[in-house]
Amino acid sequence: MVRIVKMKFQKEKISDFKALFEDRKEKIESQEGCHSVALLLDLSDPTKMFTYSIWDNENCLNAYRHSDFFKATWIQTKAMFDGKPEAWSLETLAE
């Protein structure tokens, strides 16, 4: 499954979030069932970023989302927001 999270950041917090993501990326990818995670930038608005992650299934994603590591990371991330995040869990139908 694919998980996409859209986030809008305060302009002055963009570099802080990029640093946080780079610091946590390996640990996220080491979570059971996570194949990869990427950070994407909206070309029309540099305050909008997306995480794109690939998981074995929703159970693996939910185990990560309930971990202490995720909770600590999310608290730091939320403090940098300039708007409400949106998230989608998707299944690939064709490639």
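The values are calculated or read from the model by the stated rules, or taken from the named source; none is laboratory data. Everything numeric here is computed off the predicted structure, so don't read it as measured data. Because the Cβ atoms are built from the backbone with ideal geometry, glycine has one as well, and the counts that use them run over all protein chains shown. We work out accessible area using only protein heavy atoms, side chains counted, and drop any ligands, DNA or RNA first. Shrake-Rupley method; radii C 1.70, N 1.55, O 1.52, S 1.80 Å.
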| Pick from GLU58, GLU86, GLU95: which is among the acidic types (Asp, Glu), open to solvent by 40 Å² or more (accessible area, probe 1.4 Å), modelled with pLDDT of 95 or more and out of contact with any Ser or Thr (no Cβ under 7 Å at 6 or more places or on another chain)? | GLU86
| query | Regarding LYS25, is this residue open to solvent by 70 Å² or more (accessible area, probe 1.4 Å), part of a helix (DSSP H, G or I) and basic (Lys, Arg)? | reply | no
| task | Considering every residue within segment 65-75, establish whether at least one is assigned to a strand (DSSP E or B), of a type in the set (Ser, Thr, Tyr), open to solvent by less than 50 Å² (accessible area, probe 1.4 Å) and out of contact with any Gly (no Cβ under 8 Å at 6 or more places or on another chain). | result | no
| said: Of all residues being touching a residue at least 12 places away in the same chain (Cβ under 8 Å) and over 14 Å from THR73 (Cβ atoms) in segment 6-17, which is surrounded by the most Cβ atoms within 10 Å (Cβ to Cβ)? Just the residue, please. | reply: PHE9
| Consider ASP42 against the criteria (1) more than 14 Å from VAL5 (Cβ to Cβ); (2) open to solvent by less than 70 Å² (accessible area, probe 1.4 Å): it satisfies all of them except one. Which criterion is unmet? | (1)
| query | Which of the residues spanning segment 28-39 are touching a helix residue (DSSP H, G or I) at 6+ places or on another chain (Cβ under 9 Å) and either over 26 Å from LYS11 (Cα atoms) or open to solvent by 80 Å² or more (accessible area, probe 1.4 Å) (or both)? | reply | GLN31, GLU32, GLY33, CYS34, HIS35, SER36
| remark: Taking first residues from segment 79-95 that are touching a residue at least 40 places away in the same chain (Cβ under 8 Å) and second residues anywhere that are surrounded by fewer than 10 Cβ atoms within 10 Å (Cβ to Cβ), the pairs with Cβ under 6 Å that are 6 or more apart or on different chains are none
| task | Please name all residue pairs, on different chains or six or more residues apart, with Cβ atoms under 9 Å, provided the first residue is in segment 49-67 and is touching a residue at least 40 places away in the same chain (Cβ under 8 Å) and the second residue is in a helix (DSSP H, G or I) and open to solvent by 60 Å² or more (accessible area, probe 1.4 Å). | result | MET49/LYS18
